[in-house]
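Beneath this line is the structure, given in structure tokens, with notes to follow.
The values are calculated or read from the model by the stated rules, or taken from the named source; none is laboratory data. These numbers come from a predicted model, not from an experiment. Here the Cβ positions follow ideal geometry from the backbone for every residue, glycine too, while neighbour counts run over all protein chains shown. What goes into the accessible areas is simple: the full protein's heavy atoms, side chains included, and nothing from ligands, DNA or RNA. Shrake-Rupley method; radii C 1.70, N 1.55, O 1.52, S 1.80 Å.
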Amino acid sequence: MQFILSIFAALMAAAAAKVPTFVMMPLTTVSTVNGKTQLTNRQWVQEKFSGLSSIGMHGIMSDCWWGLVEKNGPKQYDFTAYQDMAAIAQENNIKIQMVLSFHACGGNVGDDCNIPIPQWLENPAYYQTRAGTYTKEYISLFADRVPMDSLGRTPLDMYRDFMQAFKTQVMDMYPGTVEEVQVGAGPSGELRYPSYQLEGGRWSYCGVGEFQSYDEYALESVKNASIAQGVPMYGLGGGPSNAGTFNCKPYGNGNSNDCPFYSGGFDSFNTDYGRFFLSWYSNSLLKHGDDLTDIARQVYGSELALSMKIAGIHWGYASNNHGAELTAGYYNADGVDGYALVADMLAKRDIIFCFTCLEMTHEDNVCASRPKNLVGQTQDAVRNAQGQGSAEDKLKKLYAGENALPIHGYDALNQVVAWSKGTRSFTLLRLSDSTNWEHLRYLVDMLK
Ligand SMILES: *[C@@H]1O[C@H](CO)[C@@H](O)[C@H](O)[C@H]1NC(C)=O
């Protein structure tokens, strides 16, 4: 078996240019003690970096938690743990993809951590559902320009200051070690709304989720948009009254009786009102991504690799409504290519489109899940994105992949390899004591 795999690896390698592989660090790699950040287990990090280097792994991805680094007060940064991480990486010739994680850790799939966003925020605005349920995972993007701390800073100001501090206090001290910065743009670090919330058992797979357009700033924004477009009636009430709740399933073996917004036709996503609302909702998300990437380019200049993560909403994909994508903020229905809009927004500033669920092969009619069609669409979106260069050049420069769930076998690894050919990089989720190092070696060999 080993021999066959090796031959296969050699053939594949010849066919594809090298794709650097990274592995994600545990969520709990850094913690705070007496207000100072530190590596939770420094020796573990040293051993792993050395091991990764010895099998030819290019680097690691790590969260850099806002809620830890700036825990003590506005602009009171403590990057000690990340300096330490960069020093160990440098010694072992391991590169870092650092995720600036402006979201809370805890409450999502696979989370074994509890890191809230900073507690010193004044009157933070959180996303809300129609019923007034809110989540503290990430500050509502509708409040991006609302002053929210004792220094009078808005969330966009805080993100900018954090990016700048990370640059001067970590990157400039270990030149070349942080090879890429990923800008956190929402829950789980992804450019999306928190439409599917595991917290409090609100949502379970494969519910359609809920629109998050009901905090006070969202209500004002949709009202303004409706007036500007001459349809003031559309701006009343924040969102569709007939979109149901988190666990409605208007696809697969579910039905849309409780969420007729997704049924098509009268009062539905593909009416004038539906188009108005979904355009405003998805454009607001794109604007947030645009604002963040604009700031990131100003801080980091034109040369550094910058990325943004896009969520892999693969359920409900095989339906007309693509409802789960709509609530997450991807307007991928009714003839609109939601991922092309994202890809163009990112490509404009040479931002890498980092996409998940590259390992998934299973298609599920009960949930209308089509991960492979989805990944294919996102790769096409990046190939065809605005800007200079051939389709292949764009994929190589601007598309990076991850797996969504832990990988347990070679089927999933081979799917990853197939999608990763011709892309910029792949990052495996996630390093732990039970990581199968044969899998890591296999990936590195297949993609080198
Ligand atoms: C809405 O419009 C009002 C009046 O023009 C303006 O003052 C306010 O800033 C706008 N709010 C948003 C969120 O666009």
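In the range 204-226, the residue that is nearest to residue 163 (Cα to Cα) out of those that are among the hydrophobic types (A, V, I, L, M, F, W, C) and within 15 Å of the ligand (Cβ to nearest atom) is 218.
Got a sec? Which of 201, 184 is more than 16 Å from the ligand (Cβ to nearest atom) and free of Cβ contacts under 8 Å to residues at least 40 places away in the same chain? One residue alone meets the criteria, 201. Looking only at the range 232-248, which residues are within 15 Å of the ligand (Cβ to nearest atom) and either open to solvent by less than 60 Å² (accessible area, probe 1.4 Å) or of a type in the set (A, V, I, L, M, F, W, C) (or both)? If the condition is that a residue be within 15 Å of the ligand (Cβ to nearest atom) and either open to solvent by less than 60 Å² (accessible area, probe 1.4 Å) or of a type in the set (A, V, I, L, M, F, W, C) (or both), then 235, 236, 238 are the ones that fit. Inspection of the range 433-442 finds a residue satisfying the criterion of being in a loop (DSSP other than H, G, I, E, B), open to solvent by 60 Å² or more (accessible area, probe 1.4 Å), farther than 17 Å from residue 312 by Cα and hydroxyl-bearing (Ser, Thr, Tyr). Out of 173, 148, one residue alone is within 16 Å of the ligand (Cβ to nearest atom) and in contact (Cβ under 8 Å) with a residue 24 or more places away in the chain. It is 148. Residue under question is residue 265, and the condition is that it be within 15 Å of the ligand (Cβ to nearest atom) and at positive phi; does it hold? The answer is no for residue 265.
The helices (runs of 4 or more DSSP H) found wholly in the range 51-169 and carrying at least 1 residues that are in contact with a Lys or Arg (Cβ under 8 Å, 6 or more places away or on another chain) and open to solvent by less than 40 Å² (accessible area, probe 1.4 Å) occupy 80-91, 155-169. Among the residues of the range 413-429, those that are in a helix (DSSP H, G or I) and either open to solvent by 20 Å² or more (accessible area, probe 1.4 Å) or closer than 21 Å to residue 340 by Cα (or both) comprise 414, 415, 418, 419, 420.
Pairing each residue of the range 312-337 that is assigned to a loop (DSSP other than H, G, I, E, B) with any residue that is of a type in the set (Asp, Glu), provided the two are 6+ apart or on different chains, yields C-beta distances under 7 Å for 313/325; 316/325; 332/325. Applying the criterion of being more than 28 Å from the chain's Cα centre (by Cα) and either aromatic (Phe, Trp, Tyr) or not in a helix (DSSP H, G or I) (or both) to the residues of the range 250-265, the residue that is modelled with the lowest pLDDT is 265. Residue count for the range 215-249, restricted to those that are farther than 21 Å from residue 287 by Cα and either in a loop (DSSP other than H, G, I, E, B) or among the hydroxyl-bearing types (Ser, Thr, Tyr) (or both): 14.
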